[in-house]
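Enquirer: This structure is in structure tokens; I'll ask about it shortly.
Every read-out reported here was derived from the displayed coordinates using simple, explicitly stated rules and does not represent laboratory data. Not measured: the values here are computed from a predicted model. Note that each Cβ is placed from the backbone with ideal geometry, even for glycine, and that neighbours are counted across all protein chains shown.
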Amino acid sequence: MAAPNTLRITLLGKTGVGKSSLGNTILGNDAFTVKQFFKSEPSVCKVRSGFVYERNLTVVDTPGFFCPESSDEELKQEILGSTTECAPGPHAFLLVFKIEKFTEQEEEVITR
């Protein structure tokens, strides 16, 4: 279980939008592996922690939405399961989008 003064953040978005890079920026180091080339593959949530501005941070990097290798149900279960890694649950969910385009899939991410 996380320490009481830990801020817990979960990153959500499509594959390849920069969730891992954002997690690295938030934590101030290369905690998450950033893939240079988009490759759709089943994945699991990755949890990393750090100490930033005198506060413990836990960041959860989730698999991408609309990954053809995983069903919506598999993705849902993986994300729900990740909440146990940051019990009693995240303080914030950050939806990550590429700034240059907003497609119907991005709109669907928001409405789901």
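Enquirer: Report D for the range 7-111 in µm² per second (integer): Stokes-Einstein, Kirkwood Rh on Cα pairs, 20 °C, 1.002 mPa s. The partial results should precede the final answer.
Expert: On the way: Rh = 14.1 Å.
It diffuses with D of about 152 µm²/s by this estimate.
Enquirer: Determine, from the Cβ-Cβ distance of Ile99 and Phe66 and an R0 of 22 Å, the FRET efficiency 1/(1 + (r/R0)^6), rounded to the nearest 0.05.
Expert: Numbers: r = 18 Å, r/R0 = 0.83.
Plugging the Cβ-Cβ distance into 1/(1 + (r/R0)^6) gives 0.75.
Enquirer: Based on DSSP H runs of at least 4 residues, each adding -39500 (n - 2.57), what is the mean residue ellipticity at 222 nm of the chain after dividing by all its residues, to the nearest 500 deg cm²/dmol? Each step should come with its number before you reach the end.
Expert: Working: 3 runs with 28 residues, N = 112.
Per the formula, -7000 deg cm²/dmol.
Enquirer: Neighbour counts of other C-beta atoms within 10 Å: give me Lys101, Lys35 arranged from fewest to most.
Expert: Arranged by neighbour count, lowest to highest, Lys101, Lys35 become Lys101, Lys35.
Enquirer: Continuing with this model, one more query. Kindly put Arg8, Arg55, Arg48 in sequence by how many other C-beta atoms sit within 10 Å of each C-beta, fewest to most. Please list the in-between numbers first.
Expert: Numbers: Arg8 21, Arg55 11, Arg48 18.
Ordered from fewest to most neighbouring Cβ atoms within 10 Å, Arg8, Arg55, Arg48 come out as Arg55, Arg48, Arg8.
Enquirer: Now for a separate question. Only counting other Cβ atoms within 10 Å, I'd like Glu69, Glu104 sorted with the fewest neighbours first.
Expert: Details: Glu69 13, Glu104 7.
Ascending number of Cβ neighbours within 10 Å: Glu104, Glu69.
Enquirer: Which chymotrypsin sites (Phe, Trp or Tyr not before Pro) in the range 5-112 sit in a loop by DSSP (not H, G, I, E or B) and have at most 13 other Cβ atoms within 10 Å of their own Cβ? It would help to have the intermediate numbers written out before the result.
Expert: Working: sites: Phe32, Phe37, Phe38, Phe51, Tyr53, Phe65, Phe66, Phe93, Phe97, Phe102; in loops: Phe32, Phe37, Phe38, Tyr53, Phe66, Phe97, Phe102.
When the chymotrypsin sites (Phe, Trp or Tyr not before Pro) of the range 5-112 are filtered for loop state and at most 13 Cβ neighbours within 10 Å, Phe37, Phe38, Tyr53, Phe102 remain.
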